[in-house]
Amino acid sequence: MKQFYSFVRKEFYHVFRDNKTLLMLFGLPITQIVLFGFALSNEIKNSNIVICDYANDQASHEIIDRIAVSRNFDIKKMILSEDEIEATFKEGDVKLVLVFPNNLNQTLIHSKTAQIQIIADATDPNTASTLTAYIQAILNSYQADMGGANKPAVQIIPEIRMLYNPELKGATNFVPGVMALVLFLICVLMTSVSIVKEKETGTMEILLVSPMNPLTIIIAKATPYFVLSLINLTVILLMSIFLLDMPLNGSLALLYLVSSIFILCALAAGLLISNSTDSQQAAMLISLMGMLLPIMLFTGFLFPLENMPMPLQIFANIVPSKWYYIIVKSIMIKGLGIMPILKETLILTGMTLFLLLVSLKKFKIRLA
Amino acid sequence: MSNTNIVIATKKLTKQFGDFTAVDAITFEVYQGEIFGFLGANGAGKTTAMRMLCGLSKPTSGEATIAGFDIYKETERIKTKIGYMSQKFSLYEDLTIIENINFFGGIYGLPKAALKTRTEQLIHRLGLEAEANKLVGDLPLGWKQKLAFSVAILHEPSIVFLDEPTGGVDPITRRQFWDLIYQAAESGITIFVTTHYMDEAEYCNRVSMMVDGVIAALDTPTNLKKQFNAQTMDEVFHELARGAKRKSD
């Protein structure tokens, strides 16, 4: 136990004396969260819109009011004639023009149906279709409110509910993904580099000649990184809840439990990498390049797995972060307990045990 | 030698890497408290032999006992009895002198009180009182080597293995380093040292010369010089190494 304690203390000295390690450990998660939470959102905010209101009546005013309060749009200006539309788009910063026909209110009341023209700048088709969808949502809500008062009967209004994330906030999708990405990467990197560093400097030989059990060395080596990862997790959670308005509907204890399993999985992967290389650079390269891409691609938070070809979907199953991502979403957003995520948790645990066994077995007690 | 307790005994100890026999059936004995020089050209197999004795490498065949313990079955017992200093500088550069000492004392399981007195003695012996709380990385190489040696014998092992401990160190520091080795030997610690400085070979009680994985000669420096009709150990070495088939690397 004294051996273990001495070792863990030494490991903490290493971490806290190396600015690069500290920066990576705490700078990376914060940057990632801010980046994905704010900058890389797939939600479009404050988009410039121009309105040509021929109607200028109650209906058009009400719709314009709704657009004005929406955080997706800024009304840049009102134009008086359709001739100005072309020029408006050429200015470049306007993405959408809305044209209300004459007598909109009258038409609506009498014939129960009216047409509004939405003109979008489709040079970026994704943005264009997202923006038109936002407008449609606003129009739908207006129709629904009208319908409530007048009961116009025949019109079928689809009511779309965005479950768990009614405001379609990007953070809700990204934060669990970033958690998976950051926790895994940092753990793998820290563990592999710290072990390989001892090999590179020759201190590993000294440790192996000492009476300290190799298994104890490994556990003592991993313990500080496990603790630091839990602190990291806490930082990420605090940031995402208070800064990005992430919900935490499920049990915090369960979240930490599952995260611990996930962190262990990453530690084991780091150990495995450290067994197969002798230089810090190689360990860093394998950890970053070898892990970053699969995690980005196959976790499911950037690209939906459902859209991938079958072989890739099958491959994604061996990426631990995919399962962790599902679990985190279930706990934080849906507020589920352990039972519905039992399958995912068991898969993750199985992977962790497998990696731990393989890497401990491969850890060379004798160097040659 | 007044004391002839055998602390290292090997019998036909062999290490093969595939077809290549790095160490070929070496048999020798080392006595308690002696300074045993383990010499040979680069690639002669001395580091491999030493690593087998330390438990870092598993022998292909042959037998050996260290401090009376079998190197196959009793490695855990052996580990508490030996100290080791490798070719590479092997303390933690980002830890202070005191932290390094505490760490190694800790992993060898030294009791707190003993560790404290030995730390004080060690710092005093090396004259490092002023530097005790400085990072080891900031020390000059000669001091680092002396410190590494002192840490390697902190747990008072019966044998300490030194793998080219004075590589890259200036002659004055080497001399001081050897003073430390003599002090340790006087206190009863057996010194097993590899080197390729032939003047250092003269400081040893007995010297073995490895050529192509076998021990070509083993005796006191005086007897070896007589045997090969040479003035210095350097000449003895050249006489023996001339027959070597392996290229030094």
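Values quoted throughout were computed directly from the atomic coordinates according to the rules given, and no laboratory measurement underlies them. Quantities reported herein were computed from a predicted structural model and do not represent experimental measurements. For neighbour counting, all protein chains shown are included, and Cβ atoms are generated from backbone atoms with ideal geometry for every residue, glycine included.
Report the calculated FRET efficiency for A:GLN106 and A:LEU257 (r = Cβ-Cβ distance, R0 = 51 Å), to the nearest 0.05.
0.25
Which whole number of Å³ per residue matches the convex hull of the alpha-carbon atoms in the stretch B:6-241?
Per residue, the Cα convex hull of the stretch B:6-241 comes to 121 Å³.
Taking the Cα centre of the stretch A:47-150 as origin and charging only Cβ (+1 Lys, Arg; -1 Asp, Glu), how large is the dipole, in debye to the nearest 20?
Roughly 300 debye for the stretch A:47-150.
Please report A:LYS20, A:LYS221 as a ranked list, fewest other C-beta atoms within 10 angstrom at the top and most at the bottom.
A:LYS20, A:LYS221
Ranking A:LEU342, A:LEU181 by Cβ neighbours within 10 Å, fewest first, what do you get?
A:LEU342, A:LEU181
How many nm separate the modelled label positions at A:PHE363 and A:MET1, each set 7 Å beyond the Cα in the direction of the Cβ?
Calculated label separation equals 2.1 nm.
Put +1 on the Cβ of every Lys and Arg and -1 on every Asp and Glu Cβ in the protein assembly as shown; which of A:VAL69, A:MET339, B:PHE149 then has its Cα farthest towards the positive end of the dipole?
Result: B:PHE149, furthest along the dipole toward the positive end.
PRE reach from B:SER61 (point 7 Å along Cα→Cβ): which of the stretch B:2-42 fall under 19 Å by backbone N?
It comes to B:10-28, nothing else.
Can you compute the modelled spin-label distance between B:TYR72 and A:LYS20, with each label point 7 Å from Cα toward Cβ, in nm?
Result for the modelled spin labels: 4.5 nm.
Okay, which of the stretch A:1-16 sit inside 18 Å, backbone N to the point 7 Å along the Cα-Cβ direction of A:THR216?
Correct set: A:1-12.
Rank the residues B:GLU29, B:GLU200, B:GLU129 as a footprinting-exposure proxy: fewest other Cβ atoms within 10 Å of their Cβ go first.
Working: B:GLU29 15, B:GLU200 24, B:GLU129 9.
By the 10 Å Cβ count, ascending: B:GLU129, B:GLU29, B:GLU200.
How large is the helix-only mean residue ellipticity at 222 nm for chain A, computed as the sum of -39500 (n - 2.57) over DSSP H runs with n ≥ 4, divided by its residue count, in deg cm²/dmol to the nearest 500?
-21000 deg cm²/dmol
Modelled label-to-label distance, A:MET339 and A:LEU28, 7 Å Cα→beta-carbon offset: nm?
The modelled label-to-label distance comes out at 3.8 nm.
Using a Förster distance of 45 angstrom, determine the FRET efficiency expected from the C-beta separation of B:THR220 and B:PHE17, and round it to 0.05.
It comes to 0.85.
Compute the signed sum of charges (Lys and Arg +1, Asp and Glu -1) over the other residues within less than 15 Å, Cβ to Cβ, of A:LEU22. Mind showing how you got there, number by number?
Details: positive: A:ARG17, A:LYS20; negative: A:GLU11, A:ASP18, B:ASP94.
Net charge in that neighbourhood comes out at -1.
Give the average, rounded to an integer, of partner chain Cβ atoms located within 10 angstrom of each Cβ in A:7-13.
Details: counts 3, 0, 5, 10, 1, 0, 7.
Counting Cβ atoms of other protein chains within 10 Å of each residue's Cβ and averaging gives 4.
Determine, for the stretch A:47-150, the count of lysine pairs separated by eight or more sequence positions (or lying on different chains) whose alpha-carbon distance falls under 15 Å. Before the final figure, lay out each step's value.
Numbers: A:LYS76/A:LYS90; A:LYS76/A:LYS95; A:LYS77/A:LYS90; A:LYS77/A:LYS95.
For the stretch A:47-150, the number of qualifying lysine pairs is 4.
Report the one residue of B:ILE97, B:GLY55, B:TYR108 whose Cα lies farthest in the direction of the positive end of the charge dipole of the stretch B:6-241 (charges on C-beta: Lys and Arg +1, Asp and Glu -1; origin at the Cα centre).
So the residue we want is B:TYR108.
Let me spell out the model: positive unit charges on the Cβ of Lys and Arg, negative unit charges on the Cβ of Asp and Glu, origin at the Cα centre of chain A. What dipole size does that give, in debye rounded to 20?
That gives chain A a dipole magnitude of about 2140 debye.
To the nearest 500 deg cm²/dmol, what mean residue ellipticity at 222 nm is calculated for chain B from DSSP H runs of n ≥ 4 alone, each contributing -39,500 (n - 2.57), summed and divided by the residues?
Working: 9 runs with 92 residues, N = 249.
So the helix-based figure for chain B works out to -11000 deg cm²/dmol.
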